[in-house]
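The values are calculated or read from the model by the stated rules, or taken from the named source; none is laboratory data. Values in this document were obtained by computation on a predicted structure and should not be read as measured data. Methodologically, a virtual Cβ is constructed for each residue, glycine included, from the backbone with ideal geometry; neighbour enumeration extends over all protein chains shown. All accessible areas refer to the heavy atoms of the entire protein, side chains included, with ligands and DNA or RNA removed. Shrake-Rupley method; radii C 1.70, N 1.55, O 1.52, S 1.80 Å.
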Amino acid sequence: MRAMRHIGSWGLALFLIFMFVQATIHPLPNPPLGSVKLFDPPGQNIVFVTLAEKTQIPLFEPTGRVFVAIGELVAAFLLLLPFTRKLGAGLSFLILATAVAFHLMPSVLGREIPLSLEAGAGTDSGQLFALAIAMLAASMLLFVVHPSRKHS
């Protein structure tokens, strides 16, 4: 049973790590414009520009975007190490719960995000919202599944 918990813990952690790294630095070639938190030019990240416009709080772009990206990278690092994995799962839960909360408020972000900043652009049909929920569930499950230290 303990071996299954280790395997499950690694699987969930690697999923979360991959998603956080992909969203912050995008190591894969040709990332879509406006989808990489750390390397998008100011005013180009679709999610944070939308947040800044709808809330009238200019700190969301680029300052909020950079802080969120750093938090995601810290969570990814904590998830990588087994002895800090529960702390990483807790941090990822806080980040993702905030993201889901913003998505659930139509006046702030909404479930469907525009595909570009151009007027009349289509939406992602809720794919980013669904991914945030899946990652939130994975972080909650990881907090439960990760085996505790043995006490001697």
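In a fully extended conformation the segment linking L80 and L104 would gain 5.7 nm over its present Cα-Cα distance, using 0.36 nm per residue. Evaluated with a Cβ-only charge set (Lys, Arg +1; Asp, Glu -1), the chain carries a dipole of roughly 940 debye about its Cα centre, given to the nearest 20.
Per-residue ellipticity at 222 nm, computed for the chain from helices alone with -39500 (n - 2.57) per DSSP H run of at least four residues, works out to -20000 deg cm²/dmol. Given R₀ = 25 Å, what would the calculated FRET efficiency be for L28 paired with Q127, taking r from the Cβ atoms and rounding to 0.05? My answer for the efficiency is 0.90. Accessible area per residue for the chain, computed on protein heavy atoms with a 1.4 Å probe, is 58 Å². Among L28, A134, I113, which residue has its Cα positioned farthest towards the positive end of the charge dipole of the chain, with +1 placed on the Cβ of Lys and Arg, -1 on the Cβ of Asp and Glu, and the dipole taken about the Cα centre? The residue sitting most towards the positive pole is A134. Describe numerically, in nm with one decimal, the distance between label points set 7 Å from Cα along Cα→Cβ at F39 and at K54. Placing both labels 7 Å beyond Cα along the Cβ direction yields 2.8 nm.
Separation of the stretch 112-138 and the stretch 6-23, taken as the distance between their Cα centroids, equals 20 angstrom. Sorting S35, S139 by solvent-accessible area of protein heavy atoms yields S35, S139, largest first, with a 1.4 Å probe. Between R2 and E118, the contour length at 0.36 nm per residue exceeds the alpha carbon distance by 36.6 nm. Residues of the stretch 66-96 with the amide nitrogen closer than 15 Å to a label point 7 Å from the Cα of V21, along Cα-to-Cβ, please. Counting backbone N atoms under 15 Å from the label point, the list is 72-82. Helix screen, the chain: DSSP H segments with Cα axial length of 24 Å or more and mean Kyte-Doolittle hydropathy at least 1.6 are 63-80, 127-145.
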